[in-house]
1. Looking at Q39, Q9 in this structure, which one is at pLDDT 95 or above, out of contact with any Cys (no Cβ under 9 Å at 6 or more places or on another chain) and more than 12 Å from D97 (Cβ to Cβ)?
2. What do you reckon, is V69 exposed (fewer than 12 other Cβ atoms within 10 Å of the Cβ) and over 21 Å from A42 (Cβ atoms)?
3. For the stretch 50-66, give me the residue count where each residue is surrounded by 13 or more Cβ atoms within 10 Å (Cβ to Cβ) and among the small types (G, A, S).
4. If a residue must be part of a strand (DSSP E or B) and either over 15 Å from R46 (Cβ atoms) or among the hydroxyl-bearing types (S, T, Y) (or both), how many such residues does the stretch 80-98 contain?
5. Select from the stretch 36-79 the residues that are part of a strand (DSSP E or B) and either touching a Gly at 6+ places or on another chain (Cβ under 9 Å) or not β-branched (V, I, T) (or both) and list them in ascending order.
Amino acid sequence: MLITPAFAQSGGFAEGGLGLMPILLVMVIFYFLLIRPQQKRAKQHREMLNALKRGDKIITNGGITGTIVRVVEDSETVEVEIAKDVKVDVVRAMIADIRGKTDASS
């Protein structure tokens, strides 16, 4: 026998508990460096999409810029004018940023 029975049975909490510490440390670091900032950005994007209104100048994820012409509250799309008399429907989730706000009465 290479290992005595007394030595084989002596694997207590000290070895197992300290072995989990690096894994827990990495999980905490991932949470604060990756997961938490991503959740914060997603929340800001949702708030931006809920605040869209007529006259806002936007840019889509595809790089198209335009001005919002019509917003329906319970709809997933908004109508955007990308050129004079050229209007397209854009899915709200594909709006990347609001570039400028204009007066809604114009």
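The values are calculated or read from the model by the stated rules, or taken from the named source; none is laboratory data. Because the structure is a prediction, the values reported are computed rather than measured. Positions of Cβ are generated from backbone atoms using ideal geometry, with glycine treated the same way; all protein chains shown enter the neighbour counts.
1. Exactly one of Q39, Q9 is at pLDDT 95 or above, out of contact with any Cys (no Cβ under 9 Å at 6 or more places or on another chain) and more than 12 Å from D97 (Cβ to Cβ), namely Q39.
2. Details: exposed (fewer than 12 other Cβ atoms within 10 Å of the Cβ): no; over 21 Å from A42 (Cβ atoms): yes.
Answer is no for this residue.
3. Of the residues in the stretch 50-66, 2 are surrounded by 13 or more Cβ atoms within 10 Å (Cβ to Cβ) and among the small types (G, A, S).
4. Taking the stretch 80-98 and keeping what is part of a strand (DSSP E or B), we get 80-83, 86-91, 95-98.
From what is left, the residues that are either over 15 Å from R46 (Cβ atoms) or among the hydroxyl-bearing types (S, T, Y) (or both) are 80-83, 86-90.
So the count comes out to 9.
5. First pass over the stretch 36-79, keeping only residues part of a strand (DSSP E or B): 57-60, 65-71, 77-79.
Hits for the stretch 36-79 are K57, I58, I59, T60, G66, T67, I68, V69, R70, E79.
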